[in-house]
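Here is the structure we will look at.
The values are calculated or read from the model by the stated rules, or taken from the named source; none is laboratory data. What you see is a predicted model, and the numbers here were worked out from it, not measured in a lab. Cβ sites come from the backbone with ideal geometry, for glycine too, and all protein chains shown count toward neighbours. Protein only, heavy atoms only, side chains kept; ligands, DNA and RNA dropped before computing areas. Shrake-Rupley method; radii C 1.70, N 1.55, O 1.52, S 1.80 Å.
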Amino acid sequence: MDTKKPSDPYVREQTCSQRSIQPPTNQGKISSEVFRAFGLKMKILLTLVFSGLLIWSVVLVSFSNDFNNQLLVATSNVSRESETPRDRLIGGLLTADFDEGSCLSRYQQSLLYRKASPYKPSEYLVSKLRSYEKLHKRCGPGTDAYKKATEILGHDDENYASKSVGECRYIVWVAVYGLGNRILTLASVFLYALLTERVVLVDQSKDISDLFCEPFPGTSWLLPLEFPLMKQIDGYNKGYSRCYGTMLNNQAINSTLIPPHLYLHILHDSRDNDKMFFCQKDQSLVDKVPWLIVKANVYFVPSLWLNPTFQTELMKLFPQKEAVFHHLARYLFHPTNQVWGLITRSYNAYLSRADETLGIQIRVFSDRAGYFQHVMDQVVACTRRENLLPEPAAQEEPKVNISRSQKLKAVLVTSLYPEYSETLKNMYWERPSSTGEIIEVYQPSGERVQQTDKKLHDQKALAEMYLLSLTDKIVTSARSTFGYVAHSLGGLKPWLLYQPTGPTAPDPPCIQSTSMDPCHLTPPSHGCEPEWGTNSGKVVPFVRHCEDRGNDGLKLFDEL
């Protein structure tokens, strides 16, 4: 029988194929099972590894998110603690009824630049201001009430006591003297209006509208240019027949002889009869006059406290007595956008980076104006004695104790004369300070001559007052209304430079005031009843003589 040989390739291939499909031997079976077991274990191991990695990544993400959240919360808490939201309405002192863009300073000064004041307005003052705003809106320029009230000024009847002139009564502030005087007197007139429910109208023949925004919403405080007495009021003085002091002298006013308007002369040269205006019995007459025209160059608020009727109301309005101007100024005086630009640019460039700021205001009262060495000596003596500025290091010292991060102190000087700031600047340029502090001295302007009623000059002056008020500590000149505005607006108790009496620096050079309120420089010298002969600085315990005026002037102090 013919058979194929195994050597035939086909047969060999078939034989191999047949072997491959034959049942495995025991050894192949064990190897296959081991392999399958190993593969299963690898699958399990890989699953465990991937599962572990997945779980670990989830844990890490969760931990990271939790950590980030905690960090965010912690940072937020620190931020809230270090940057407590500021009160843009200053405790209700301001109303929210204004467009912020029209007057940037109104809300920005409390939010961005000024430190929170420790002096809080009373709820009664806030309520009184809201009531006044309604009164001004009801009686201000352009209203029927204003038109009716001005009609009586076109007639010359001597007695208006029995005639109805409407519900509104007015007090007109006339701009006289320098900017510091104007700000202090306008605040005084407004407080009087608040106490007597009169409407304040402001003489706009000067540059008031270039300096300040409107303070009352929905109305204007500017006296219309067509006001019937506009052409005459500049000429009013003590000799005017309707001047209150003159009418008292001539016995031309009483309860049955009430004129349509009165002129109040509250200037440095006021007579005793002019000053009787502050007294209780005189107010009963003045209260019946529909129109009051005021010229003033002194801060007369302290004298209002001598009137028992006013005093009761004032105590409710101002529990912290020394804060009267501080609150009134922050309510009334908001620099226009142009002036605010001057303020913010200077502050950001020269004061914002400093660890501490010092304001120094130098006013020289002398027939011969200019730089005086004894005034410079006085400023240096005051700032060194009171530890406001360090002494320059001695030249022979090999080194000064300087830390890696030196403290920067910015000194803002305001004066008509640039020589004062230049001298101070050179002092710390030529030699380092003994404390290692870096002292930078800056003076915004030095115009040498006061130019009242020149728009840009007054705008610069206002900007400098506000810059001074933003400093941490302040030194001001005695009797200077410019300085009074600056430190009281800022809520600062100043070091007052005594006024030199000769060509030498006073010793001591200065005194720190215990009150931030301005000084009424020429107040009544006695009580309201001439026969009393009472020193006006001793009528009430919280109205006393000013530290920078000796036994003269009146100032409000909180009772201690």
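A Stokes-Einstein calculation at 10 °C with viscosity 1.306 mPa s, built on the Kirkwood radius of region 163-278 over Cα pairs, returns a diffusion coefficient of 102 µm²/s.
Each Lys or Arg adds one and each Asp or Glu takes one away; over the other residues whose Cβ falls under 13 Å from the Cβ of LEU554, this sums to +1. Accessible surface computed residue by residue for region 202-346, with neighbouring protein chains in place and a 1.4 Å probe, gives 33 Å² per residue.
Counting Lys and Arg as +1 and Asp and Glu as -1, what is the net charge of the other residues whose Cβ lies under 12 Å from the Cβ of THR383?
+1
Judged by the ratio a/c of the largest to the smallest principal axis of the C-alpha gyration tensor, region 261-300 counts as oblate, that ratio being 1.5 or greater while a/b is no larger than b/c.
On a C-alpha basis, how far is the centre of region 320-362 from the centre of region 480-529 in Å? Whole number, if you could? Spelled out, the Cα-based centre of one part sits 19 Å from the other.
Can you flag which of LYS316/LYS455; LYS115/LYS409; LYS321/LYS473 are past 28 Å Cα-Cα? Pairs exceeding 28 Å: LYS316/LYS455. Our summary of shape: the Cα atoms of region 207-344 have principal axis extents of 53, 40, 30 Å, ordered from largest down, in whole angstrom. Over region 180-307, Cα pairs under 8 Å with separation of 6+ residues give a relative contact order of 28 percent.
Converting phi to 3J(HN,Hα) with the Karplus coefficients 6.51, -1.76 and 1.60 and the offset θ = phi - 60°, region 171-180 yields 9, 9, 8, 9, 6, 9, 6, x, 5, x Hz in sequence order, with x at every glycine or proline. Altogether, the Stokes-Einstein calculation at 25 °C and 0.890 mPa s, with the Kirkwood radius of region 426-499 over Cα pairs as Rh, returns a diffusion coefficient of 173 µm²/s. Close amide H pairs (under 5 Å, H built 1.01 Å from N) link GLN512 with LEU496, residues at least 5 positions away or on another chain. The residue list SER220, GLN251, MET315 was ranked by how far each Cα lies along the charge dipole of region 213-341 toward its positive end, using unit charges on Cβ atoms, and GLN251 comes out on top. Model label sites at LEU408 and LEU257, defined 7 Å from Cα along the beta-carbon direction, differ in position by 6.8 nm. Taking N as the number of residues in region 324-435, what is its Cα Rg relative to 2.2 N^0.38 Å? Rg over 2.2 N^0.38 Å, computed on Cα atoms: 1.30. A cut-off under 15 angstrom between Cβ atoms defines the neighbours of PHE216, and their net charge, with Lys, Arg +1 and Asp, Glu -1, is +3. Take the Cβ atoms of SER366 and GLU391, set R0 to 30 Å, and the FRET efficiency comes out at 0.60.
Report the normalised scattering of region 482-556 as log10 I(q)/I(0) at q = 0.21, 0.23, 0.27, 0.28 Å⁻¹, calculated by the Debye formula with identical scatterers on the alpha carbons. For the requested q values the scattering log ratios are -0.95, -1.05, -1.23, -1.27. Using a probe radius of 1.4 angstrom, the carbon and sulfur fraction of the accessible surface of region 410-524 is 53%.
Principal axis extents of the C-alpha atoms in region 211-263 (largest first, rounded to whole Å): 41, 24, 19.
Across region 508-524, coupling constants 3J(HN,Hα) worked out from phi with the 6.51/-1.76/1.60 Karplus curve, θ = phi - 60°, read x, x, 7, 9, 7, 6, 8, 9, 8, 5, x, 9, 7, 5, 10, x, x Hz, and Gly and Pro carry x.
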